[in-house]
Amino acid sequence: MIGRDLLSMEDLSREDIEKILDTAAHMQEIGQRAVKKVPSLRGRTIVNLFFESSTRTRMSFEIAGKRLSADVINFSASSSSLSKSESIMDTARTVDAMDPDLVVVRHKVAGVPKIIADALSAPVINAGDGAHEHPTQALLDMLTVKQAKGRIAGLTVTIVGDVLHSRVARSNIYGFIKMGAEVRIAAPPTMLPPGIEALGVKAYTSLRQAIEGADVVMMLRIQMERLQGALFPSVREYSETFGLSRTKLRVAKPDCIVMHPGPINRGVELSHELADGGESVILEQVRNGVALRMALLYLFTGRPSKDEEVAALGEETK
Ligand code: ASP
């Protein structure tokens, strides 16, 4: 995968996903050591270009890069020349001129990581673009499910909430379907993207029906920052119809796990008892996020170093 971009779950084959999840499982062991560092990416430079706010994803990419001994540079929009109205493309070209080996991009507008990827020589990983995709979240979710259930194929995974604006939902739909799970979607009619069944999911407007017999329930945050106009009557009504509590979860499989990408609106999409209960794997998702991103950096980083280029040239001219 060296040198490839990771912009969408559609970029990955089933074999790619398996390789990433297996590599992440090896990376987990490094996080358990007293000295959490290996030299795999020593001398490589990774730039985190975050034009939109982030807690988990940005920290996790930073920790992942540092555990692999890369030099990690964090760029955030508010402290950069963007606030002096430099364009995104000029910022991207400036970053490219500093010869990074991989660039991680988050932006509130769908498609920006692709535009930047086309302009850069280094590989680009999409860390979330608008309502489009968040592939690294989907991969860490798949790792969490695989480790909790021992498999992905054949499981019933229900995704609940603001599917219309959720990049997490879109990436997980592509990923879980590719890996052979049955994916169900539950949302108020105003938050169900028209024609979503074409992606291979079953769509419901009843939470109860959607979670009946489910192995995994993934709750989504209402994307207030992306809402244009009122899509539900009130937060209270949303939480009564689409919020998950332990009582409502009873129709799922007895060993059903509950997921959430964070940040959680406690008491809105998820009750406190569930967020902190034994069914919840939410902190496991965060923990797995570091190992998963270590795997991605390890597998995708690589614009060959000048030494390697010279060595390769030598080989070619022999
Ligand atoms: N943290 C996830 C994202 O960036 C989920 C969310 O914000 O609701 O998309």
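The values are calculated or read from the model by the stated rules, or taken from the named source; none is laboratory data. All figures in this text were calculated on a predicted structure; none of them were measured in a lab. Heads up, the Cβs are rebuilt from the backbone with ideal geometry, glycines too, and the neighbour counts pull from every protein chain shown.
Of these, Gly229, Gly243, which one is of a type in the set (Gly, Ala, Ser) and more than 23 Å from the chain's Cα centre (by Cα)?
Only one candidate qualifies: Gly229.
Enumerate the pairs (first residue in region 144-156 and closer than 18 Å to Thr23 by Cβ and free of Cβ contacts under 8 Å to residues at least 40 places away in the same chain; second residue anywhere and among the hydrophobic types (A, V, I, L, M, F, W, C) and surrounded by 15 or more Cβ atoms within 10 Å (Cβ to Cβ)) with beta-carbon separation below 7 Å, excluding pairs fewer than 6 apart on the same chain, so at least 6 apart or on different chains.
From region 144-156, the pairs are Ile152/Met142; Ile152/Val145; Ile152/Phe176; Ile152/Met179; Ile152/Ala181.
Check region 13-25 and report whether any residue there is part of a helix (DSSP H, G or I), out of contact with any helix residue (DSSP H, G or I) (no Cβ under 7 Å at 6 or more places or on another chain), at pLDDT below 95 and more than 16 Å from the ligand (Cβ to nearest atom).
Looking for residues that are part of a helix (DSSP H, G or I), out of contact with any helix residue (DSSP H, G or I) (no Cβ under 7 Å at 6 or more places or on another chain), at pLDDT below 95 and more than 16 Å from the ligand (Cβ to nearest atom), one finds none in region 13-25, hence no.
Only residues that are surrounded by 20 or more Cβ atoms within 10 Å (Cβ to Cβ) and of a type in the set (Val, Ile, Thr): list them for region 249-280, please.
Once the filter is applied, which keeps residues that are surrounded by 20 or more Cβ atoms within 10 Å (Cβ to Cβ) and of a type in the set (Val, Ile, Thr), region 249-280 yields Ile257, Val258.
Looking only at region 85-109, how many residues end up being within 15 Å of Arg167 (Cα to Cα) and either at pLDDT 95 or above or outside any loop (DSSP other than H, G, I, E, B) (or both)?
3
Mind counting the residues in region 96-112 that are more than 13 Å from the ligand (Cβ to nearest atom) and more than 9 Å from Leu49 (Cβ to Cβ)?
Total meeting the criteria: 10.
Evaluate the following for Gly65: is it within 14 Å of the ligand (Cβ to nearest atom) and crowded, with 21+ Cβ neighbours inside 10 Å?
Taking the combined requirement at face value, the residue does not satisfy it.
Show the residue pairs that are 6+ apart or on different chains and have beta-carbon atoms under 6 Å apart, the first residue being within region 260-273 and touching a residue at least 12 places away in the same chain (Cβ under 8 Å), the second being among the polar types (S, T, N, Q) and more than 9 Å from the ligand (Cβ to nearest atom).
Val268/Ser239; Ser271/Ser245
Restricting attention to region 281-301, which residues are surrounded by fewer than 19 Cβ atoms within 10 Å (Cβ to Cβ) and more than 16 Å from the ligand (Cβ to nearest atom)?
Leu299 - this is the single residue of region 281-301 that is surrounded by fewer than 19 Cβ atoms within 10 Å (Cβ to Cβ) and more than 16 Å from the ligand (Cβ to nearest atom).
I'd like the full set of residues that are away from the ligand (no atom under 11 Å from the Cβ) and closer than 17 Å to Gly262 by Cα, limited to region 33-59. Steps first, please.
Step one: list which residues in region 33-59 are away from the ligand (no atom under 11 Å from the Cβ), which gives 33-49, 51, 59.
Passing the criteria: only Met59.
When only residues in region 210-253 that are hydroxyl-bearing (Ser, Thr, Tyr) and touching a residue at least 40 places away in the same chain (Cβ under 8 Å) count, which is farthest from the ligand (Cβ to nearest atom)?
Going through the qualifying residues, I end up with Thr241.
Across region 45-67, what is the total count of residues that are part of a strand (DSSP E or B) and over 15 Å from the mean Cα position of the chain (by Cα)?
Residues that pass the stated criteria total 4.
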